[in-house]
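One structure is given here, and the rest of the page talks about it.
The values are calculated or read from the model by the stated rules, or taken from the named source; none is laboratory data. In this text, all values refer to a predicted model and were calculated from it rather than measured experimentally. As a convention, Cβ positions derive from the backbone with ideal geometry for all residues, glycine included, and neighbour counts pool all protein chains shown.
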Amino acid sequence: MTSDLFDYDLPPELIAQTPVSPRSASRLMVVSADDGGLADRQFADLGEYLLAGDLLVFNDTRVVPARFYGRRPTGGRVELLLERFLDDGGRAHVALRASKSPRAGEVLTLEGGLYATVLGRTGELTEVMFSGADDLMGLIERVGHVPLPPYITRPDNENDRTRYQTVYARVPGAVAAPTAGLHFDEALLARLAGQGVETAFVTLHVGAGTFRPVRPETLAQGRLHPERIIVSEALVAAIAATKAHGGRVIAVGTTTARALEAAAASGTLRPYIGDTDLFIRPGFQFRVTEGLITNFHLPHSTLLMLVCAFAGADRVRDAYRRAVMMRYRFFSYGDAMLLWRAARENK
């Protein structure tokens, strides 16, 4: 398998640079579970495809303002993109951009009184220790910039602090949004609850590695960059109850699907707190997820591979061709799809 199997032509003007308003005004392509037929709808119509007793599982991670600008002691400019925190004391992995790589021990002066001491290199990333206030996370929230993806070519603004965040985000730790959830607003959630659709939450802290292209060694190893997940006892019980009464488990986003399937890797879904490096690609056997709501993903990406593994590569390719033809908006601030799990022989 090569990443070239997951390529497609995308006109650059279809890459969404701003979100629609309201959130649920985005478009929704519905891919039929039976014949792969495609329907063009609005996201606000989602309830027409869900039944009382179905369970929507959301990723409640909260995006941290994770991009920082500053200077070295020499005066040279630096840019840091937080990859992930390594502990609660400010130690972190960052992607660091500078004209020359800072040395271990160097203290970088960032905006707003935030400092980052360089500890060393870990592969492509730099390990740093953030400091500058007793309430370090509060300082980071105030001075950091929203870490918009690299394909959004404008600077971040105040609107992004709200819109590049789900309305139910509550656990800080992500440096990229679980973008399928960006389409849900309070009004839509209330309508779904009113028709008997249940909700539950998982946590997966999305890392900046989600935007990296797939490398041959990643395909060969069959493992991804690790991301932290929390699958609670309450969630496991909710899923068991849903399946017992014939309801369907619908993952809101590839991050949710990855967390659920990682927690079920033993064959049975169990509570889990820790890292996962699970790489879902065609041939993977899904144990928990029966429906998937997701955005349109980058060519060659591991996220597109997951969607193909879930719904069938041919079916997904047809959907993407139609999305381009019908001028859907792509990627983080773009439109969405609703898919159902394909029979294993069709993957």
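Couple of notes before you dig in:
- Where Pro226 falls short, out of the listed (1) outside any helix (DSSP H, G or I); (2) over 28 Å from Asp335 (Cα atoms): (2)
- Considering region 128-169, and only residues there that are among the charged types (D, E, K, R) and under 21 Å from Asn295 (Cα atoms), the residue that is surrounded by the most Cβ atoms within 10 Å (Cβ to Cβ) turns out to be Asp160.
- Some residue of region 58-71 being surrounded by fewer than 23 Cβ atoms within 10 Å (Cβ to Cβ), of a type in the set (Asp, Glu) and over 15 Å from Val118 (Cβ atoms): yes
- Scanning region 254-264 for residues that are part of a helix (DSSP H, G or I) and either in contact with a His (Cβ under 7 Å, 6 or more places away or on another chain) or not β-branched (Val, Ile, Thr) (or both) turns up Ala257, Arg258, Ala259, Leu260, Glu261, Ala262, Ala263.
- Flag if Ile239 is buried (at least 18 other Cβ atoms within 10 Å of the Cβ), in contact with a helix residue (DSSP H, G or I) (Cβ under 9 Å, 6 or more places away or on another chain) and part of a strand (DSSP E or B): no
- Cβ-Cβ under 8 Å pairs, at least 6 apart or on other chains, region 49-72 side among the polar types (S, T, N, Q), far side at pLDDT 95 or above and assigned to a loop (DSSP other than H, G, I, E, B): Asn59/Thr166; Asn59/Pro178; Asn59/Gly253; Thr61/Ala169; Thr61/Pro178
Yes/no per residue for (1) more than 28 Å from the chain's Cα centre (by Cα); (2) of a type in the set (Phe, Trp, Tyr); (3) over 22 Å from Ala174 (Cβ atoms):
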position	(1), (2), (3)
Leu55	no, no, yes
Gly76	yes, no, yes
Asp88	no, no, no
Arg91	no, no, no
Ala104	yes, no, yes
Glu127	no, no, no
Val143	no, no, no
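- Comparison of Ala180, Ala187, Ala169 shows that the only residue that is aliphatic (A, V, I, L, M), touching a strand residue (DSSP E or B) at 6+ places or on another chain (Cβ under 6 Å) and either outside the structural domain of Ile230 (by TED's automatic domain parsing) or farther than 23 Å from Asp88 by Cα (or both) is Ala180.
- Tally, over region 1-46, of residues that are free of Cβ contacts under 8 Å to residues at least 40 places away in the same chain, under 21 Å from the mean Cα position of the chain (by Cα) and assigned to a strand (DSSP E or B): 0
- Under the condition of being buried (at least 16 other Cβ atoms within 10 Å of the Cβ) and either modelled with pLDDT of 90 or more or more than 28 Å from Leu204 (Cα to Cα) (or both), the residues counted in region 82-105 number 9.
- Some residue of region 96-112 being in contact with a helix residue (DSSP H, G or I) (Cβ under 6 Å, 6 or more places away or on another chain) and part of a loop (DSSP other than H, G, I, E, B): no
- Odd one out for Ser266 among (1) touching a residue at least 12 places away in the same chain (Cβ under 8 Å); (2) more than 21 Å from the chain's Cα centre (by Cα): (1)
- Verdict on Pro282 being in the same structural domain as Ala33 (by TED's automatic domain parsing), touching a residue at least 12 places away in the same chain (Cβ under 8 Å) and out of contact with any Lys or Arg (no Cβ under 8 Å at 6 or more places or on another chain): no
- Residues located in region 295-340, provided they are under 21 Å from Leu224 (Cβ atoms), of a type outside the set (Val, Ile, Thr) and without any contact (Cβ under 8 Å) to a residue 60 or more places away in the chain: Phe296, His297, Leu306, Ala309, Phe310
- Restricting attention to region 242-253, the residues that are more than 15 Å from Leu46 (Cβ to Cβ) and not in a loop (DSSP other than H, G, I, E, B) add up to 4.
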